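Novice: Got a structure for you, written out below as structure tokens; questions coming shortly.
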Amino acid sequence: MSTKLWRTISETLLWWRPVAGEQDASRYMNTYLRLLRYARPYLFPDLVMAVAAMLALGAANGAIPYLIKETINALTALKGTTGLSGHAVHRLHILSLEILCVFVVRALSDFAASFLTSYIGMKTAMDLRSEFNDRLQRLPLSFFNWTPTGGLLTRALSDVQLASSIITNTLFSLVGQSFTLIALVGGLFYMDWQFAILAFVVFPVAVLPIIGIAKRVRKMSKEAQKKLSDLSVLMQEAVQGCRVVKAFGMEEYECERFRTQLGRQLRILRRVLRVGAVSSPVIEVLGAFGVVAVLWYGVTAVLAGSRTPGTFAAFIGAMLIIYRPFKTIAGTNNSIQQGLVSAERVFAIIDHPPEIYDAPGSIELKPGPHDIEFRKVNFRYNPQGEWVLRNINLKIGAGQTVALVGMSGGGKSTLSDLILRFYDPEQGAMLVDGVDARRYSLKSLRSQIGLVSQHTFLFNDTVRANIAYGSGTRNFDEIVAAAKAANAHDFITRLPNGYDTLVGELGVRLSGGERQRLAIARALLKNAPILILDEPTSNLDSEGERVVQDAIERLMENRTTLTIAHRLSTVRRVDRIFVIVSGEIVEEGTHDELLARDGAYRKLCDLQFYMPEDGEEPARGAVNS
């Protein structure tokens, strides 16, 4: 027998065994109770009406065995008479009407309970997804640097749906079916407690495997949800990177990667289904023992005259009815275990510390010209990692323009991120108007800063909405004026619907220069006194750069500006240039001063503006050409 086959047989036979290393069950109970609290806002009238409908449904189901008993006894009594008894016939007519009423009540209450619990589950899913998104919007930038977007989408959609289904399953399946069980068992004990004990002696035995199955399902559901997140990440990468995929002819490779990941998830889901499917057959088999016991004992009791045929038929009918809600509860338990895993994944995001808190007693940064200063700043992304910035001392006076230059990876963009307080310095301070930026509220600080970066992000919305993003309510004339100042109005008017044209996901329907000009228009409309330009022309050709650079110069007027550039031709006219190498400022001065020093800045200029032939030294004067 192969090892793989033996493992499959062993897992099937030992589904009940405890899971090694299972975390404290109280954590899952806390998660369960926390999730149920999301139904609290709908306590009245929705939840109250749903519970009332479940009670009515349980009572109707509980009445069925009694009606069976009375009907069989009435028929037996009628059969024993020599003629038709008016009283017996009247009794049967009344019973038939009672049966009709019971089934009408059963149908209506079943509909009401199902609809109301599904509605409550839908509302709680919306509330949970809204809270998830609210926290997502307030998480620090570092969180998104390390968390795949596809995984977050899986949590927001699939995990939230599975988590909220716990409320529906708890209300309709657990609570509703429990009412039915209580009504049926209570009725049977009322009719004949000895018969009832014999019929339901197997129930405690049936509970044991359900507990073991729950542990197994919970563990495997964690793996299944993780694999689903991996699938989402793969698909998102393939869609967003479709140009690269097609350019390198990697379509089949991406298809194979996705199929491989699907296979892994299928194997896990197959195990979840196999373990979960065990509960229903086990309950069926154990229930059969109860039915057989009732048949053996009941036939003898009826023949001996100690039990009526109606009582016997009522118990058989009740046992056929009662195992359905019991099986439903067992199946619901498996669904709840999967939902608990999803709930933990959702709450892990909701409970994640939000972005940098405003300091107690934080102050508002008033509108107006501002100066910026970095004082002995040291920063690293990881407390155990390498320093990205070392002993940075830099000041930008109000209305001045400062440029940061240097090779990629030197820390220039990190410095701009500190101004926006995407991160805070680990040592030292970043000051605005001589005050530590951590003392200002985040909202007031960022309201005073405009940003244009090399990776222009446009939303899948209209041109008008993208320009007005972050500027509150602005009228159309103001939007057009900003577009004209950004040299964007002409190309916008040539679009199919002008300012109401949809730009597509990430602005895919526009060229790089057009997207950049919309970003500049957005910054112009915001009219913030502090401006950060993070290599805004690095991805443009010469013609596009000239148009965008003209708009940028207009944007920089009368603003405190920090510009980051690889193309040194864009920084010649700034007030001061800082050269950053490996996180340290190695030179500072004007363009002419730095050239005269013949240091790091001069080397950058020589490398960029003059490419020597083989064996030829770079020309020192090439930068001035």
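Please treat every number below as a calculation from the coordinates, not as lab data. All figures in this text were calculated on a predicted structure; none of them were measured in a lab. Using ideal geometry, Cβ is built from the backbone for each residue, glycine included, and neighbour counts are taken over all protein chains shown.
Novice: Please work out whether segment 453-586 counts as rounded, prolate or oblate from its C-alpha gyration tensor, where a ≥ b ≥ c are the square roots of the eigenvalues and a/c under 1.5 means rounded, while otherwise a/b larger than b/c means prolate and anything else oblate?
Specialist: Details: a/c = 2.05, a/b = 1.70, b/c = 1.20.
Prolate, since a/c reaches 1.5 and a/b exceeds b/c.
Novice: Going by how many other Cβ atoms sit within 10 Å of their own, how do K484, K412 line up, fewest first? The partial results should precede the final answer.
Specialist: Numbers: K484 15, K412 25.
Exposure proxy ranking, most exposed first: K484, K412.
Novice: Describe numerically, in nm with one decimal, the distance between label points set 7 Å from Cα along Cα→Cβ at R27 and at M250.
Specialist: 3.6 nm
Novice: Modelled label-to-label distance, M126 and L43, 7 Å Cα→beta-carbon offset: nm?
Specialist: According to this spin-label approximation, the distance is 2.1 nm.
Novice: Given +1 on the Cβ of Lys and Arg, -1 on the Cβ of Asp and Glu, and no further charges, what dipole in debye does segment 457-527 carry about its Cα centre, rounded to the nearest 20? Before the final figure, lay out each step's value.
Specialist: Values: 9 positive and 7 negative charges, 30 e Å.
So the dipole magnitude of segment 457-527 works out to roughly 140 debye.
Novice: Counting Lys +1, Arg +1, Asp -1, Glu -1, what net charge surrounds L262 among other residues with beta carbon under 11 Å of its beta carbon? If you can, show how the numbers build up before the last one.
Specialist: On the way: positive: K227, R257, R259, R264, R267; negative: D230, E256.
Neighbourhood net charge equals +3.
Novice: Another question, if that's okay. Please list the non-local residues whose amide H lies under 5 Å from the amide H of S453, H modeled 1.01 Å from N, same-chain partners needing a gap of 5 or more.
Specialist: D534
Novice: Could I ask something else about it? Could you tell me the distance between the Cα centroids of segment 96-134 and segment 298-344, to the nearest Å?
Specialist: Result: 23 Å between the Cα centres.
Novice: Turning to a different aspect of this structure: How charged is the neighbourhood of E557? Take every other residue with its Cβ under 13 Å from the Cβ of E557, and add Lys/Arg as +1 and Asp/Glu as -1.
Specialist: Numbers: positive: R554, R559, R573; negative: D550, E553.
With Lys, Arg at +1 and Asp, Glu at -1, the net is +1.
Novice: Given axes a ≥ b ≥ c from the Cα gyration tensor, I'd like to know whether segment 89-129 is rounded (a/c under 1.5), prolate (a/b larger than b/c) or oblate.
Specialist: Values: a/c = 10.62, a/b = 9.50, b/c = 1.12.
Prolate shape, in that a/c is at least 1.5 and a/b is the bigger ratio.
Novice: Based on the alpha-carbon gyration tensor of segment 393-484 and its eigenvalue square roots a ≥ b ≥ c, which shape applies: rounded if a/c is under 1.5, prolate if not and a/b is larger than b/c, or oblate?
Specialist: On the way: a/c = 2.11, a/b = 1.66, b/c = 1.27.
Since a/c reaches 1.5 and a/b is larger than b/c, the shape of segment 393-484 is classed as prolate.
Novice: Please give me the summed charge of the neighbours of A112: other residues whose Cβ is under 13 Å from its Cβ, Lys and Arg +1, Asp and Glu -1. Don't skip to the answer; put the middle values down first.
Specialist: Values: positive: R106; negative: D46, D110.
Here the count lands on -1.
Novice: I would also like to ask the following. Multiplying the sequence separation of L153 and Q194 by 0.36 nm and subtracting their Cα-Cα distance, what value in nm do you get?
Specialist: On the way: separation 41, 0.36 × 41 = 14.76 nm, distance 5.59 nm.
Separation in residues times 0.36 nm, less the Cα-Cα distance, equals 9.2 nm.
Novice: List the residues, sorted by chain then number, that are 5 or more residues from Y381 or on another chain and whose placed amide H is less than 5 Å from its amide H.
Specialist: For Y381, the qualifying residues are V388.
Novice: Rounded to the nearest 0.05, what FRET efficiency is calculated for S511 and H93 with R0 set to 51 Å and r the Cβ-Cβ distance?
Specialist: On the way: r = 84 Å, r/R0 = 1.64.
That pair, S511 with H93, gives E of 0.05.
Novice: Also, quick follow-up: For a quick check: sort L57, L100 by the number of other beta carbons within 10 angstrom, fewest at the front.
Specialist: L100, L57
Novice: Let me ask something else. Take the cross-link list K227/K443; K395/K484; K123/K526; K366/K395; K395/K603 and give me the ones stretching past 27 Å between alpha-carbons. If you can, show how the numbers build up before the last one.
Specialist: Numbers: K227/K443 38 Å; K395/K484 32 Å; K123/K526 37 Å; K366/K395 20 Å; K395/K603 24 Å.
Pairs exceeding the cut-off: K227/K443; K395/K484; K123/K526.
Novice: Full-extension gain between R267 and D500, please, as 0.36 nm times their residue separation minus the C-alpha to C-alpha distance.
Specialist: Details: separation 233, 0.36 × 233 = 83.88 nm, distance 4.81 nm.
Additional length available on full extension: 79.1 nm.
Novice: What spacing in nm lies between the two simple spin-label points modelled at H455 and S408, each 7 Å away from Cα in the Cβ direction?
Specialist: Each label point lies 7 Å from its Cα, and together they span 1.2 nm.
Novice: Next question, about the same structure. Quick one: which residues, 5+ away or cross-chain, put their amide H under 5 Å from the amide H of T563? H built at 1.01 Å from N.
Specialist: It is V402, A403, L404, L533, by chain and number.
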